[in-house]
Amino acid sequence: MKKITKILLVFLIAALCVGSFAACGGGSGGMTSDGRYILSVYRGRSSGMIDGKDDALVTEAIEKKFKEDTGIGIDLQMTLETNTSIPQKVDLDYSKKDKQMDLVFHYASEDVGSAIVKYAKESESVKEVEGLLEQYGQHILAAIRQGDTNHIAEKTGYVLQENGELKMTMIPGVYAEKQYGILLNKTYMKQVQDKTGLDPETFDIANENYQNMNFKQFDTLLRAMKSIPDVQYSLTGYPWDISRVIAPTFGVDAMSYGLKDGKLVPSQLTDGFDRYISTMFEWAKDGLWAPDSNNKSEVQMRSDFMIGKSGVFIAYPEINNLIQLHRQARAMEENADTEYMMIAPLADVDENGDTLIENGEPVVHGFLKNNRAFGAVILPMKSKHPEITVQFLDWMYASQENYDLCKYGIKGQHWIEGPEKVINGVTYKTWEYPAAKYDEYTQNPPYSGMWELLPNLNVSNRVRSDLMDKEMAWYVACTSENEALASVTEGVWLPKVSRSLAMQAQTVDGKYVEDIRSYAWTGLTNNGKSPVEILKDYVAEVSVSCKEYLDAVDANYQTAKQKLAEKFA
């Protein structure tokens, strides 16, 4: 009888475990008490993203529509961090058994600030997603492949592992490849016109037949703006964003890798990088740019520009963010008479500061091209519901209605469709706030857009219907007219550095960051030497002492390109 009782007790416990993992180890099992799948999402905030008062309401609306369309109940939960804090948060929670983590969305980059790429290089840490997409993500695949010339976006999902295998460990989004700009206080530029000899109307991209300001002219403008009493620093911007819009002036991709003598090397070893590092140093040294910019909050930077403490804004210089900042600045009473403008990529100059000319045209390399798959998601190996997670993303991609709900909120309550705009033969779909809520929502947007987890412009790409003619001209110029410098490694990931070469890799990166970049960003000399002088010695030194690692970088690059070519033959 006792034996039978024990057996019955075991079956009873097992039955309870099936119904609720919360009672039997393994946490909640990723299920709610009413049988819905918990989807735990980690993401970094997009620039300018603020909490909306109706974020919870939109979350419920998404859960409801997903259940109506698929029959699957979900409970969406989000850990929302800043772009700088999300890597640390993900690292902290990745190994915690009690922390569910089904999806991480962040920008995809080789730099240490990306919360996802380092995990994508370790296939034992993440789910392989190729099979999941084939089974549950056909809408995702179709949207990635639409207009994907040379398969650049799709290739971004495939990462060369340390063992030489190519595995799809990320799901890539699709972004506009041209979208950067430089926002100026036009009133300030007019104020110093006698000093600079630069007419703002010549360079304002809202005007027809605008010209590219050259680098020397831009430097002259910054120095003149510094003389305006209200200006603390002429330029406001994060150093990495200055890398996106200023370094390409010299033909340099300062964010990734470049080619030197036909071989792939870290960008600091490429020709022209000395001009970029010299610019950062001189601007910081001469007080044109704040030496503590990398420690400033985005809110503080935006405030500095809006109240006139700076005259040029380069902090997450994406066109929609710049337009939003322009609107916020114009809404301030003290800026009623202030004018603003945007300029095109700077033209390169010769050693005398004159515009370089080739084939009768100024040499303009452009702003850095935004990677087609700028952002991506990973599904951690600890994900409790990878299939449901992919199904949710695929549902978002299944219709513009679903995507717009995740991006803009509840249609008719938070936003409505605006009239189409046709410019240069291109038709733009628009969105706008309901008339009765326009003033309120303009000041305090009702929804943050937090559930647009994997942006893809092929699914939905609306612009605001209330853009001023000037703002629309900016948008068109930045997204279709401006030149762009492409990264040579776009769509190609290098594998994790092998243990045998880890010390050399650390030397190449560590010495650059500690001995050169840190001084350039602060405008300080290192033992009496400028960052440019140290850079020259550094290049000569690591080219010899770290040759084995540098050779491996190029060899891995060639291997990854070859395997991708075979995969997408």
Based on the alpha carbons, how large is the Rg to Rh ratio for segment 182-368 when Rh follows Kirkwood? 0.96
Once you sort the root eigenvalues of the Cα gyration tensor of the chain as a ≥ b ≥ c, which label holds: rounded (a/c under 1.5), prolate (a/b larger than b/c) or oblate (the other case)? oblate
Interchain or long-range residues, amide H under 5 Å from ILE182's placed H: ILE343
Charges on Cβ only, +1 for Lys and Arg, -1 for Asp and Glu, centred on the Cα centroid of segment 182-368; of MET301, PHE218, TYR340, which one is farthest towards the dipole's positive end? MET301
Treating only Lys and Arg (+1) and Asp and Glu (-1) as charged, each at its beta carbon, one finds that the chain has a dipole about its Cα centre, in Debye to the nearest 20, of 2140 debye
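Greater than 20 Å separation of Cα atoms is the criterion. Which listed pairs, LYS65/LYS407; LYS178/LYS429; LYS121/LYS167; LYS190/LYS369, meet it? Don't skip to the end; give the middle numbers.
Values: LYS65/LYS407 14 Å; LYS178/LYS429 18 Å; LYS121/LYS167 9 Å; LYS190/LYS369 30 Å.
Flagged as over cut-off: LYS190/LYS369.
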So how far apart, in nm, are the two label points at GLN443 and THR70 if each is 7 Å from Cα heading toward Cβ? 3.9 nm
Exactly which GluC sites (Glu not before Pro) in segment 345-399 are in a DSSP loop and have at most 16 other Cβ atoms within 10 Å? GLU351
In a shell of Cβ-Cβ distance under 15 Å around GLY287, excluding GLY287 itself, what net charge do Lys and Arg (+1) and Asp and Glu (-1) give? -2
Compute the Cα gyration tensor for segment 499-567, then decide on rounded, prolate or oblate, letting a ≥ b ≥ c be the square roots of its eigenvalues: rounded whenever a/c is under 1.5, prolate when a/b is larger than b/c in the other cases, and oblate in all that remain. prolate
Ranked list, fewest to most other Cβ atoms within 10 Å of each Cβ, for LYS437, LYS96, LYS260: LYS96, LYS437, LYS260
DSSP bridge pairs, the chain: antiparallel proportion in percent, nearest 5: 60 percent
Centroid-to-centroid separation of segment 144-202 and segment 239-262 [C-alpha atoms, Å]: 12 Å
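With a ≥ b ≥ c taken as the square roots of the eigenvalues of the C-alpha gyration tensor of segment 357-496, please select rounded if a/c is under 1.5 and otherwise prolate if a/b is larger than b/c or oblate if it is not?
Working: a/c = 2.46, a/b = 1.08, b/c = 2.29.
Oblate shape, in that a/c is at least 1.5 and b/c is the bigger or equal ratio.
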Going by Cα centres, segment 434-448 and segment 270-327 are how many Å apart? 29 Å
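Extension gain LYS547-ASP286, at 0.36 nm per residue separation less the Cα-Cα distance, in nm?
Values: separation 261, 0.36 × 261 = 93.96 nm, distance 3.64 nm.
Taking 0.36 nm per residue and subtracting the Cα distance, the gain is 90.3 nm.
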If you place +1 on the Cβ of every Lys and Arg and -1 on the Cβ of every Asp and Glu, how big does the dipole about the Cα centre of segment 499-567 come out, in debye to the nearest 20? 240 debye
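What order do you get for TYR210, TYR408 when you list them from fewest to most C-beta neighbours inside 10 Å?
Details: TYR210 19, TYR408 22.
Result, fewest neighbours first: TYR210, TYR408.
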If each residue's Cβ is checked for other Cβ atoms within 10 Å, how do PHE313, PHE281 rank with the fewest at the top? PHE281, PHE313
Rounded to the nearest 500 deg cm²/dmol, what is the calculated helix-only ellipticity per residue at 222 nm for the chain, with -39500 (n - 2.57) per DSSP H run of length n ≥ 4? -11500 deg cm²/dmol
Among the DSSP H helices of the chain, those whose Cα atoms extend at least 24 Å along the helix axis and whose mean Kyte-Doolittle hydropathy is 1.0 or higher are 2-19
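Only the coordinates and a few stated rules stand behind these numbers; no lab work does. These figures come from a predicted structure and were not determined experimentally. All Cβ positions, even for glycine, are placed from backbone atoms using ideal geometry, and neighbour counts span all protein chains on display.
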